[in-house]
Amino acid sequence: MLRRIPFLVVALCFASPVAMYAGELIDPTRAVASESGDVLWYDVRLLGIEGQGWSETKAAFDRLPAKAEGVVRGPVWGLSRHSAGMAVRFKTDATTIHARWSLTSSGLAMPHMPATGVSGLDLYVKTDAGRWRWLANGRPTTYPENQVTLARSLPKGDREYMLYLPLYNGVTAVEIGIEKSCYLEQLPRPEGIKPIVFYGTSITQGGCASRPGMVHTAILGRRLDLPVINLGFSGNGKMEQEVADLLAELDVAVYVIDCLPNMNAEEVAARTEPLVHALRESHPTTPILLVEDRSYSDSFLVESKRQRNETSREAFRAAYDRLLESGVVGLAYLEGEHMLGDDGEATVDSSHPTDLGFMRMADAFEPWLRKLLDSVPESR
């Protein structure tokens, strides 16, 4: 319930006229040819990486700026080297698509999360009806290098694609390879479009989605057709001032604060208001969605977990009410009790959502995000 106050390969391609392109065609001389010479491999950075809030990063696919090292706690910095939420948008006339990428960690999977989500790639295509639809997953099998065939024998034609990067691993390189007679084109967002930024926990980062495109942040990005910045830090989404100061640097459409699963009631009471005030100092009217923790799926029977939910929510609601009373505007509040449904089927461990759970989370977030975005038309 919601409450509110005021490496890709292409074969058999066909030429298309340059006049129809909205983005920049990538010069084939910037690619590296395969041994056979039939395929050209392009660094995805030539296309632009969506989902990064800062350009001055220590490594190409980091989520926090280089200056954050030594300022945020070590675990937050380490997790920020994961590529969660990043995506590459492009257009091509490919009929066969492959990918290759290099990982930073040998931990391809976790006991409760498959390698396809932890370390894999996820390819979506825009249909003729204008919807983003899943097409293929890049399954990692080795460390550090992987190369896969994502799709083959596609019908002829120009199509838009979006390739999501790993959720719980980092990458040092991702390449797109196309047959030398094909084109590869940037797919830029319209000028003035602002992203939604999500600050949260392991759930926000994507645990335990089966593939990168199934975390709720990615689902919402597709549904709303907006870029998303994922600042989920597994076990370390704690509303810390150092992170709040970084968030305040971003010019975004909506701030989503979803940290309660990593915080106890005392921390919630102490940190919620300072975080919101830090954002309001730099962004007086940018909408902020405060999100309660989802209910543990076994909390109906395990009293300690039920109390954890109830006490943190009580502190959160009280902080929210104080913010409203103090005159802070543009706040919305998403309750967590029924976010994952009432059947207990939406998690792998009572805490982390399955793909079903993430779909339900997206369904819960979407109505209020749409309302908040509509309240600031220039954000769309």
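The values are calculated or read from the model by the stated rules, or taken from the named source; none is laboratory data. Model, not experiment: these values are computed from the prediction. No Cβ is skipped: glycine too gets one built from the backbone with ideal geometry, and neighbour counts run over all protein chains shown.
Observations
- For Val328, the stated conditions do not hold, so it cannot be described as of a type in the set (A, V, I, L, M, F, W, C) and touching a His at 6+ places or on another chain (Cβ under 6 Å).
- Wholly within the stretch 201-319, helices (runs of 4 or more DSSP H) carrying at least 1 residues that are surrounded by fewer than 21 Cβ atoms within 10 Å (Cβ to Cβ) and among the polar types (S, T, N, Q): 241-247, 265-282
- Checked against (1) more than 20 Å from the chain's Cα centre (by Cα); (2) of a type outside the set (Phe, Trp, Tyr); (3) over 18 Å from Gly221 (Cβ atoms), Ala59 meets all criteria but (1).
- Within the stretch 330-380, the set of residues being at positive phi and either part of a helix (DSSP H, G or I) or touching a Lys or Arg at 6+ places or on another chain (Cβ under 9 Å) (or both) comprises Gly330, Gly341, Ser350.
- Which listed residue, of Arg294, Arg313, Arg211, is charged (D, E, K, R), in contact with a helix residue (DSSP H, G or I) (Cβ under 8 Å, 6 or more places away or on another chain) and under 23 Å from Tyr124 (Cα atoms): Arg211
- Of all the residues in the stretch 236-282, those that are in contact with a helix residue (DSSP H, G or I) (Cβ under 7 Å, 6 or more places away or on another chain) and hydroxyl-bearing (Ser, Thr, Tyr) number 2.
- Residue list for the stretch 338-356, restricted to those being farther than 9 Å from Cys208 by Cα and of a type in the set (Asp, Glu): Asp342, Asp343, Glu345, Asp349
- Qualifying residue in the stretch 153-165 (condition: surrounded by 23 or more Cβ atoms within 10 Å (Cβ to Cβ), over 22 Å from Arg30 (Cβ atoms) and not assigned by TED's automatic domain parsing to the domain that holds Phe358): yes
- On the stretch given as the stretch 146-185, residues that are more than 21 Å from Lys58 (Cα to Cα) and assigned to a strand (DSSP E or B) total 17.
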